Amino acid sequence: MSGLSVGLLAGVLLIGLPISFSIVLICGWVAVERGLPAMLIAQRLFTGLDSFPIMAIPLFILAGELMNESGITRRIIRLSSAFVGHVRTGLCQVAILSSVIFAGISGSAVADASALGRIFIPEMEREGYPRDFSAALIAAAAVIGPIIPPSIPMIIYALIVGESVAALFLAGVVPGLMLAMALAVVVYVRVRATAPAPKPRATLPDLRAALRQGIIPLLMPVIILATILGGVVTPTEAAAVAVLYALVVGLFVLRTIALSALVRVFASTMLLSAVLLFIIAAANLLNWLLTTDQVPQRFAAFIIGEAADPVLFLILVNVLLLIVGCLIEGMAAMIVLVPILAPVAAHLGIDPIHFAMVVVLNLMIGLLTPPMGLCLFVVDGIAKVGIARLMRQIWPLLLAEIVVLGLVTFIPGLSTALPRALGYR
């Protein structure tokens, strides 16, 4: 692609055209400029979706939507409250632990922020926490969603580079728990002096009752990981199993999903899936054009010549992705940049699983930074406090997540130890 093409792409993005449409528009213009048939554009779009593993994305989205519809959010909150509700800043810690549990169901930060924000933001305000702080905490905790498996961004990354989905799922467990611990510590330090008095510790019968109710949502990530790691199913088939489990739970066990509600659930799933799948198709088209122009190879040669040290390369990647994450939606940025960056990382001897975690964590942190911080917009839609107030409250939490990112970047074992222990390296 020429400099003019890149300039045109930047221009249409600046005027607000969605990135997927911008990519297709510019790629179509490049194809016409080169005298290529228009049919080739359509073919490359469909080629980008011609993959069995890609079916896992709408299936995991559907499983999350069904579990949300079945009303398991309250069960997760009760379970979390039974274990950490008695500590100082208890409701904040309950929100963080609930995000960890919910992460094992939805695989989406935006879904977590929406589901938990509607409950926690009003509840925390009733207990005396500022509304903007409550919203900022929910947004920051929602980033855990795409890190702890199952994870939609991990599936997309695996599709791009041909990596094992199971290995990427395992790689996210420790960093996801580290994010939760970092947020818990920062919140405790920040608000313990003004937090409401802690609630009484849950009794043993209360713990047992909370576990009985919470076992249903807890079983979903266990089923997903166990069936994949046991070699029983592929990740796509595991997503189908998750959908079946969610349907059985909602329709026959809890009986909280009406048949009439399934139409709304399926429609919501189709809408979100269509957005993600079109981004993937458009990015595949762009990647094809970049590859034909040998852009990844030339970029790799430049980087290797300027930053042959793997540590320096990782620092540059972190800076680049944190900036890009502020400007471009994470999924789209991943699909555009990973085909260029991943080969360079492999050439420099960086473990592919380690590099995947660095990329995903970087871009998910971008969900908290304007102007493309989707989690900020989701929680602001609930809290109605304004992005400026949210940013004033969220920066300590954002810094804590960047510290975790630094640890994951410079200590590869945090993301590779679990996959290696289970035979994926």
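The values are calculated or read from the model by the stated rules, or taken from the named source; none is laboratory data. These figures come from a predicted structure and were not determined experimentally. Glycine also receives a Cβ, built like all others from the backbone with ideal geometry; neighbour counts cover every protein chain displayed.
Summary of computed values
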read-out: Exclusive hit being more than 30 Å from residue 260 (Cβ to Cβ) and assigned by TED's automatic domain parsing to the domain that holds residue 374, set 60, 52, 21; value: 52
read-out: 1 or more residues in contact (Cβ under 8 Å) with a residue 12 or more places away in the chain and of a type in the set (Ser, Thr, Tyr): qualifying helices (runs of 4 or more DSSP H) within the stretch 340-425; value: 387-410, 413-421
read-out: Those residues of the stretch 110-140 which are under 18 Å from residue 362 (Cβ atoms) and either touching an Asp or Glu at 6+ places or on another chain (Cβ under 6 Å) or at pLDDT 85 or above (or both), in sequence order; value: 139, 140
read-out: Residue 195 surrounded by 15 or more Cβ atoms within 10 Å (Cβ to Cβ), part of a loop (DSSP other than H, G, I, E, B) and either of a type in the set (Gly, Ala, Ser) or touching a His at 6+ places or on another chain (Cβ under 6 Å) (or both); value: yes
read-out: Options 311, 232; residue that is at pLDDT 85 or above, closer than 23 Å to residue 105 by Cα and either not assigned by TED's automatic domain parsing to the domain that holds residue 333 or not charged (D, E, K, R) (or both); value: 232
read-out: The one condition in (1) surrounded by 15 or more Cβ atoms within 10 Å (Cβ to Cβ); (2) basic (Lys, Arg); (3) on the phi > 0 side of the Ramachandran plot that residue 389 fails to fulfil; value: (3)
read-out: Residue list for the stretch 72-81, filter: surrounded by fewer than 20 Cβ atoms within 10 Å (Cβ to Cβ) and at pLDDT 80 or above; value: 78
read-out: Qualifying positions in the stretch 206-228 - touching a residue at least 60 places away in the same chain (Cβ under 8 Å) and buried (at least 16 other Cβ atoms within 10 Å of the Cβ); value: 210, 213, 214, 216, 217, 218, 220, 221, 224, 225, 228
read-out: Unmet criterion (only one of (1) crowded, with 24+ Cβ neighbours inside 10 Å; (2) within 17 Å of residue 180 (Cα to Cα)) for residue 115; value: (2)
read-out: Close pairs (8 angstrom Cβ cut-off, 6 or more residues apart or separate chains): without any contact (Cβ under 8 Å) to a residue 40 or more places away in the chain in the stretch 242-269, exposed (fewer than 14 other Cβ atoms within 10 Å of the Cβ) and not small (Gly, Ala, Ser) anywhere; value: 251/259
read-out: Qualifying residue in the stretch 240-256 (condition: outside any loop (DSSP other than H, G, I, E, B) and closer than 30 Å to residue 410 by Cβ); value: no
read-out: Residue in the stretch 372-380 that is over 15 Å from the mean Cα position of the chain (by Cα), in the same structural domain as residue 186 (by TED's automatic domain parsing), of a type outside the set (D, E, K, R) and crowded, with 20+ Cβ neighbours inside 10 Å present; value: yes
read-out: Qualifying positions in the stretch 404-425 - small (Gly, Ala, Ser) and over 22 Å from residue 184 (Cα atoms); value: 413, 417, 421, 423
read-out: Failed criterion for residue 17 (all others in (1) closer than 30 Å to residue 224 by Cβ; (2) free of Cβ contacts under 8 Å to residues at least 40 places away in the same chain; (3) of a type outside the set (Lys, Arg); (4) outside any helix (DSSP H, G or I) hold); value: (1)
read-out: Criterion: hydroxyl-bearing (Ser, Thr, Tyr) and over 14 Å from the mean Cα position of the chain (by Cα) - qualifying residue of 114, 108, 164, 151; value: 164
read-out: So residue 214, is it in the same structural domain as residue 86 (by TED's automatic domain parsing), at pLDDT below 85 and part of a helix (DSSP H, G or I); value: yes
